[in-house]
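Following: one structure in C-alpha cells, then a few remarks.
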Amino acid sequence: MNAKAANSAHAWALGYARLVSGEAAVCPACGHTEIQARFVGDLETRLGYGLLWCPSCSRGGRLSRVNVPEDFEMRAWDDDAALDGVPEIRFPAD
Ligand SMILES: [Zn+2]
C-alpha cells in the first residue's frame, strides 16, 4: 500500500473510531502515534464534526458528522476560538 492510498478518509475514520474507544490512533500516512483531534459542534447534542491530524506529517482527516463522546473536549459552533491551535492539515485527495 503506498502512502497516498494509506492516507485516505477511511483510514482517518478508523483512527477516530480507535481514539473514541480509548486506543491509540496511528497516522495512516507516517505511523506517528500521537494523533491530535478537535471536535466542534453542538455542546448539547454532542453532534458536530471532527478534525484529526498528525503533528508529525501534517496529514489528517475530516469527519463530517460525528457523535462526540462526553469525555472528549468539544468546542461550540459559535466559539471564535473553535479552531485555535489546529494547524494547516493536508487532507486526503479522496
Ligand atoms: Zn503522520
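Pull up region 49-64, narrow it to residues that are of a type outside the set (D, E, K, R), touching a Gly at 6+ places or on another chain (Cβ under 8 Å) and more than 8 Å from the ligand (Cβ to nearest atom), then point me to the one that is nearest to residue 18 (Cα to Cα).
Only one residue tops the list, namely 52.
Among the residues of region 26-35, is there at least one that is in contact (Cβ under 8 Å) with a residue 24 or more places away in the chain, assigned to a strand (DSSP E or B) and within 16 Å of the ligand (Cβ to nearest atom)? No, region 26-35 has no match at all.
The condition (being exposed (fewer than 12 other Cβ atoms within 10 Å of the Cβ) and touching a Ser or Thr at 6+ places or on another chain (Cβ under 9 Å)) is satisfied by just one residue among 61, 50, 85, 31: 31. Of all residues in region 15-25, those satisfying the criterion of being free of Cβ contacts under 8 Å to residues at least 12 places away in the same chain and either away from the ligand (no atom under 14 Å from the Cβ) or assigned to a helix (DSSP H, G or I) (or both) are 17, 18, 21, 22, 23.
Among the residues of region 70-82, is there at least one that is surrounded by 15 or more Cβ atoms within 10 Å (Cβ to Cβ), small (Gly, Ala, Ser) and at pLDDT 95 or above? Even if it seems obvious, please write down each step before you answer.
Of the residues in region 70-82, the ones surrounded by 15 or more Cβ atoms within 10 Å (Cβ to Cβ) are 74-75, 82.
Cutting the leftovers down to small (Gly, Ala, Ser) gives us 82.
Checking the rest, the ones that are also at pLDDT 95 or above come to 82.
Yes, because at least one residue in region 70-82 is surrounded by 15 or more Cβ atoms within 10 Å (Cβ to Cβ), small (Gly, Ala, Ser) and at pLDDT 95 or above.
Checked against the criterion of being more than 13 Å from the chain's Cα centre (by Cα) and assigned to a loop (DSSP other than H, G, I, E, B), region 54-63 has at least one qualifying residue. Being part of a loop (DSSP other than H, G, I, E, B), within 15 Å of the ligand (Cβ to nearest atom) and at pLDDT 95 or above is a condition met by no residue of region 40-48.
The values are calculated or read from the model by the stated rules, or taken from the named source; none is laboratory data. Quantities reported herein were computed from a predicted structural model and do not represent experimental measurements. When we count neighbours, we look across all protein chains shown, and the Cβ atoms used for this are built from the backbone with ideal geometry, even at glycine.
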